[in-house]
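Accompanying notes for the structure given below.
The values are calculated or read from the model by the stated rules, or taken from the named source; none is laboratory data. Worth saying up front: this structure is predicted, and the values here are computed from it rather than measured. Here the Cβ positions follow ideal geometry from the backbone for every residue, glycine too, while neighbour counts run over all protein chains shown.
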Amino acid sequence: MSIRIKTPNLDDIFEKWKQKAARTDRKKMEKQFGTKGAVFSLDAISAAEYVKDTMKEAAIYFAVKKSLGPAPTGKDENLVTAPRVGREQYYSFKGAGKINKENWKENEKVPHFESIQAVPCKNCKGKGYLEDKCKTCKGTGKIEETLTILVGEEQKKEKKPFSYPCGACYGTGNRTEPCKECGGHKNMYKYEILPVPFQTVVTGIPILHSSAQTRYEKEIGEDLHKIIEDVEGIKFSDFKELESKTEASLGYMNKNISKTIGAAKTDYRKHEKDKDAQITSQIYLFPMIQMMATTKRGTKFEIYSLGSGNKFMVYSNF
Ligand SMILES: [Zn+2]
Ligand SMILES: [Zn+2]
């Protein structure tokens with residue numbers, strides 16, 4: 001079973017617009033609709049005379065609560081040699097308070113200055129060099145030679161050892177090499193790429209999709225959002241139901257309305273998947289009337305209505 005929603009009467013929409021426009025700017029109304037030398041009266045301004053074209057459209061609305069806040073979580077770490085520390089751009093938020101995400105143009109995770117930390121090099125155990133046996137003296141610290149001595153008149157050959165300190169290790173038997181890992185700087189340096197501390201702002205956002213070809217969708221959506229309880233539409237909890245009941249509910253259908261339902265559905269799914277967003281309302285379907293009007297002076301303007309004959313809102317770019 002579907003509920004057929006009654007579209008507002010064109011004269012009622014025009015009347016509601018006229019009263020609102022006169023309250024907002026009576027002078028402008030006089031200028032656009034008045035007659036020179038005659039007393040200005042709102043009664044003389046009728047839809048029949050000034051509305052040139054009317055389209056029956058539809059609008060789909062739902063509200064989303066979006067939290068702009070610490071979306072990124074987790075951290076990344078980098079381990080670099082001392083000379084490479086200075087190649088990174090660091091940020092500090094110490095005492096700076098929370099950051100407004102709207103104003104932040106950099107990455108959502110950045111290297112934090114306060115996270116820089118020395119880590120003793122594992123390769124050299126924090127010494128900066130590696131010790132090894134001297135290759136020249138095989139770790140003995142001495143170079144050993146055997147001299148052949150000629151002894152006495154007979155010059156009998158005799159071997160005698162001769163040793164002297166190794167020049168490669170200054171007689172220590174050990175040689176040191178700078179550590180290739182830390183480049184001799186003893187430490188490696190660790191820093192963290194952490195989320196920027198954004199402040200959490202929760203905002204309610206109206207989402208409006210309309211089949212009317214209008215530049216004012218955003219403005220209409222915002223106006224509607226404020227008075228949603230005072231505008232009658234048909235509420236659905238899912239798009240499947242909405243799709244099957246739109247035509248019966250409105251009593252009319254067109255290609256643009258079908259397209260609009262498709263676009264709204266895609267948008268809805270996108271918000272469902274967004275972990276920072278929460279859909280806070282049901283899906284509303286509204287009859288939408290778009291009127292193309294011209295003032296007595298020839299100025300073109302548009303009037304829109306959203307809602308049923310009982311409860312509707314008007315929007316105009318007049
Ligand atoms: Zn090292
Ligand atoms: Zn040596």
Legend entry - Top-ranked residue of the stretch 229-264 - restricted to ones that are of a type in the set (Val, Ile, Thr) and part of a helix (DSSP H, G or I), ranked as nearest to ILE289 (Cα to Cα): ILE257
Legend entry - Cβ-Cβ under 7 Å pairs, at least 6 apart or on other chains, the stretch 222-237 side closer than 15 Å to VAL64 by Cα, far side of a type in the set (Gly, Ala, Ser): HIS225/ALA63
Legend entry - Residues that are touching a Pro at 6+ places or on another chain (Cβ under 9 Å), in a strand (DSSP E or B) and away from ligand 1 (no atom under 16 Å from the Cβ), drawn from the stretch 105-157: LYS109, VAL110, LYS142, ILE143, GLU144, GLU145, THR146, LEU147
Inset, instruction - Filter the stretch 29-58 down to the residues that are without any contact (Cβ under 8 Å) to a residue 60 or more places away in the chain and of a type outside the set (A, V, I, L, M), then identify the one that is surrounded by the most Cβ atoms within 10 Å (Cβ to Cβ). - result: PHE40
Legend entry - Within the stretch 85-102, considering residues that are in a helix (DSSP H, G or I) and either hydroxyl-bearing (Ser, Thr, Tyr) or modelled with pLDDT under 90 (or both), the one surrounded by the fewest Cβ atoms within 10 Å (Cβ to Cβ): GLU102
Legend entry - Qualifying residue in the stretch 69-84 (condition: within 16 Å of ligand 1 (Cβ to nearest atom), assigned to a helix (DSSP H, G or I) and of a type in the set (A, V, I, L, M)): yes
Legend entry - Positions within the stretch 141-194 being more than 16 Å from ligand 2 (Cβ to nearest atom), touching a Phe, Trp or Tyr at 6+ places or on another chain (Cβ under 6 Å) and more than 23 Å from TYR129 (Cα to Cα), in sequence order: LEU147
Legend entry - Identity of the residue in the stretch 214-244, surrounded by fewer than 17 Cβ atoms within 10 Å (Cβ to Cβ) and more than 22 Å from GLY204 (Cβ to Cβ), that ends up modelled with the lowest pLDDT: ARG215
Inset, instruction - Would you be able to say whether some residue in the stretch 239-253 is among the charged types (D, E, K, R), in contact (Cβ under 8 Å) with a residue 12 or more places away in the chain and away from ligand 2 (no atom under 16 Å from the Cβ)? - result: yes
